[in-house]
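Below is one structure, written out as structure tokens, with a few remarks after it.
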Amino acid sequence: MSSTSSQHSGKEGSTHKSDDQKISKVHIHGEGGEFVTINGQKFYRHELMSAFGGTLNPGVSPYPDNQINPAPVGLSGFALTTIVLSLFNAQAMGINVPNVVVSLACMYGGTVQFIAGLLEFVTGNTFGFTALTSYGAFWISYAAIFIEAFGIEDAYKDTDQMENAVGFFLLGWAIFTFILVLNTLKSTLAFFSLFFFLLLTFLLLAGGAFTGHVGVTRAGGVVGVITGFIAWYNAFAGTATRVNSYIVAHPIQLPVYKRD
């Protein structure tokens, strides 16, 4: 379901419970499963937006009042920067020095993605806000490693110590990504695949940094390229509709909530 496919409808049939009655689970109920209760508020299923990678929305939720969808530009910045860095990590064309990615990491993958995350805050999308601002900050912090003014590389005279430090950096992001993977288990295949392959990328790159095995890092680069293209697909899904494109995304839904 595209974020532009329908508008937020009225709340006929909605009921509100007091704060002490609110629940944190989502319940599907009714004779035909036509009702969904989210945090104590009852909706018709057609009133809700389903999990969809094009909006970085990991579960059923009411349509936002603000119709801006910042996810595609954030996903695009993430995709391009990830693919360029991953090609270096995979040593494509024999190039293994990744410094040229600093410009993308600062401007597109970093700044633009971070701004997209702030706009997700405006739309009320907690997941999108968390993911995009965090990965935008990742790219900016990664770029800082290669910028001489920060003095990060100069601080490590011991090469092994530098590689291990980078390994810790990447491992920390792998743990964060694992948390997001858990948040997408009930979403769509493309949405889940994005964070799952990103998790594999971080783990392989961290393993390559810790062990010094070039093959492990190159494998991380290959998986990173796949991750970037999945991110681009999700960005396309968030922008393509039958109004502007002959080709639109058809989300494959993962197993979701059981009926009460």
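The values are calculated or read from the model by the stated rules, or taken from the named source; none is laboratory data. Predicted model only: the values in this text are computed from it and were never measured. Cβ sites come from the backbone with ideal geometry, for glycine too, and all protein chains shown count toward neighbours.
If you go through the range 146-180 and pick out every residue that is among the β-branched types (Val, Ile, Thr), surrounded by fewer than 17 Cβ atoms within 10 Å (Cβ to Cβ) and not in a loop (DSSP other than H, G, I, E, B), you end up with 3. Flag: residue 138 does not match the condition of being surrounded by fewer than 17 Cβ atoms within 10 Å (Cβ to Cβ) and aromatic (Phe, Trp, Tyr). Report whether or not residue 130 is of a type in the set (Ser, Thr, Tyr), modelled with pLDDT of 95 or more, closer than 28 Å to residue 236 by Cβ and not in a strand (DSSP E or B). Answer is yes for this residue. Pairs are defined by a Cβ separation below 6 Å, a sequence spacing of at least 6 or placement on different chains, a first member in the range 81-104 that is outside any helix (DSSP H, G or I), and a second member that is modelled with pLDDT under 95 and surrounded by fewer than 20 Cβ atoms within 10 Å (Cβ to Cβ); the pairs so defined are 99/146. Taking the listed residues 241, 188, 217, the one that is over 20 Å from residue 134 (Cα atoms), surrounded by fewer than 18 Cβ atoms within 10 Å (Cβ to Cβ) and not small (Gly, Ala, Ser) is 241, with no other qualifying.
Consider residue 154 against the criteria (1) over 18 Å from residue 102 (Cβ atoms); (2) at pLDDT below 90: it satisfies all of them except one. Which criterion is unmet? Failing condition for residue 154: (1). Of all residue pairs spaced 6 or more apart or on separate chains, those with beta-carbon atoms under 7 Å, a first member in the range 223-252 that is in a helix (DSSP H, G or I) and a second member that is at pLDDT below 90 and β-branched (Val, Ile, Thr) are 238/55.
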